[in-house]
Amino acid sequence: MRFVYRLAQSEEDYEKLRRLNHAAFAEELGQHPRREDGRLEDRFEAKSRYLLALHGERLAAMVCWSMERPFSVESRLKDASVLDGLPQPLCEVRLLAVEKSYRNTAVFAGLLARLLEELRAAGAGTLLISGVEERVGMYERMGFGALGPAVPQGAARFVPMALRLDGLPERIEREAQKVQRRIS
């Protein structure tokens, strides 16, 4: 399967990602209520960047990030000053969604490789996430560490986590470079 990775550019791109957000975060995780129109617009959409993975015209996956505070992860921390001790500038990945039929493909690896390229170009020092509690082991294997306990939101629970971009596990770095060569 061949994917095209690019930043969201058009209203059509944003409509596709709103529908994927609804499928992932309302229908699947229960973090947000389901909506009849099948769309979920992120409250930080205006200050965020969206990297899309397209299979033809179909949105296979997307990741959203921002380097502007306030970060949503701050609301999940008992003491947000813990972020001041991390390599700056900070970047938060707010949303990551892979359409169900693409979950056992290479789309996630390609998305991660392109995201790392974007973040390094922006000079980010630390990547922040609110990781779904059930997937903490996966995030830890990627090099993330918990900044605090899980916090409930809707039917889901999220763990505030951080990854120093200068401290990526070697195997993740190698894999990202290998994938980047394949998709470039």
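Please treat every number below as a calculation from the coordinates, not as lab data. Predicted model only: the values in this text are computed from it and were never measured. Glycine also receives a Cβ, built like all others from the backbone with ideal geometry; neighbour counts cover every protein chain displayed.
Excluding ALA156 itself, calculate the net charge of residues whose Cβ lies under 11 Å from the Cβ of ALA156, where each Lys or Arg counts +1 and each Asp or Glu counts -1.
Local net charge: -1.
Could you work out the relative contact order of the range 29-93? I mean the mean sequence separation of Cα pairs under 8 Å and 6+ apart, divided by the number of residues, in percent.
Relative contact order here is 26 percent.
Quick one: grab the alpha carbon gyration tensor of the range 1-131, order the square roots of its eigenvalues as a ≥ b ≥ c, and give me rounded if a/c is under 1.5, else prolate or oblate depending on whether a/b is larger than b/c.
Verdict is oblate for the range 1-131.
With a cut-off of 17 Å, note down the residues of the range 1-33 whose backbone N falls inside the zone around a label point 7 Å from the Cα of ALA155 toward its beta carbon.
Flagged as within label range: 21-33.
If the cut-off is 15 Å between C-alpha atoms, which aspartates and glutamates fall inside it for LYS178, apart from same-chain ones fewer than 8 positions away?
In chain and number order, the partners are GLU117, GLU170.
Given the options SER72, SER101, SER48, state which has the largest fluctuation in a GNM of the chain using a 10 Å cut-off (strictly under) for Cα springs.
Judging by the Gaussian network model, the answer is SER101.
To the nearest 0.05, what FRET efficiency results for LEU7 and ALA109 with a Förster distance of 22 Å applied to their C-beta separation?
Taking R0 as 22 Å, the efficiency between LEU7 and ALA109 is 0.75.
Output the peptides 54-62, 80-88 sorted from most to least packed, where packing is the average of other Cβ atoms within 10 Å over each peptide's residues.
For the peptides 54-62, 80-88, the packing ranking is 54-62, 80-88.
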